[in-house]
1. Given 0.36 nm per residue, what is the gain on full extension from A14 to T121 after removing their alpha carbon distance, in nm?
2. Given a Förster distance of 25 Å, report the FRET efficiency between T4 and D71 from their Cβ-Cβ distance, rounded to the nearest 0.05.
3. Compute the signed sum of charges (Lys and Arg +1, Asp and Glu -1) over the other residues within less than 12 Å, Cβ to Cβ, of T11.
4. Determine the gain in length on full extension of the stretch Q60-V108; use 0.36 nm per residue of separation and subtract their C-alpha separation, reporting nm with one decimal.
5. Computed from the mean reciprocal separation of all distinct C-alpha pairs, what Kirkwood hydrodynamic radius does the chain have, in Å?
6. Apply the a/c threshold of 1.5 to the C-alpha gyration tensor of the range 1-51 and tell me whether it is rounded, prolate or oblate.
7. Please list, by residue number, every one of the chymotrypsin sites (Phe, Trp or Tyr not before Pro) in the range 1-110 that is coil in DSSP and has at most 16 other beta-carbon atoms within 10 Å.
8. Using the charge dipole of the range 42-133 (Lys, Arg: +1 at Cβ; Asp, Glu: -1 at Cβ; taken about the Cα centre), state which of T81, L67, I120 has its Cα farthest towards the positive end.
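The values are calculated or read from the model by the stated rules, or taken from the named source; none is laboratory data. On a predicted model such as this, the values are computed, not experimentally measured, just so you know. Cβ placement follows ideal geometry from the backbone for every residue including glycine, while neighbour counts extend to all protein chains displayed. The area values use the complete protein model at the heavy-atom level, side chains included, leaving out ligands, DNA and RNA. Shrake-Rupley method; radii C 1.70, N 1.55, O 1.52, S 1.80 Å.
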Amino acid sequence: MLNTAELQSPTLGALATALATAQGQITDAIRESENPYYRSTYADLASVWRACREALSGNQLAVTQTLEPGDSAALLLLRTTLMHSSGEWRASLYPVRPMRQTKEEGWVPSEDPQAIASAITYARRTSLAAIAG
């Protein structure tokens, strides 16, 4: 288990103030992408970025998303870091396990580039929405 020092700066006052202001300005992400498998619509990564980019940057906040190795070959970790111009920061880790669906076995781990890219994009969208609030 990670300790708090690995996920945030020692202080968060300026970051919290800026994020509170930004959250008052962030708009709803628009569900404009279709998932035919589930017959549903969803807000894709671009829509989540459009909903929060201006509010974050206007309050001196930036987000980075980087990949790190996980504890096994089939696992990546997406680190999403929210940073403030004061130097304060807060991060989250999201496990990325690329999967593909088969008729015989259902969902199984996959090293297919499409499965990897899809899992990373899903993790980025979910993590961005979560850290921006």
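1. The A14-T121 span can extend by a further 35.6 nm.
2. After rounding to 0.05, the efficiency reads 0.80.
3. 0
4. Taking 0.36 nm per residue and subtracting the Cα distance, the gain is 13.1 nm.
5. Kirkwood radius, the chain: 16.3 Å.
6. Taking the square roots of the gyration eigenvalues as a ≥ b ≥ c, the range 1-51 is oblate.
7. Listed in order of number, the matching sites are Y37, Y38.
8. T81
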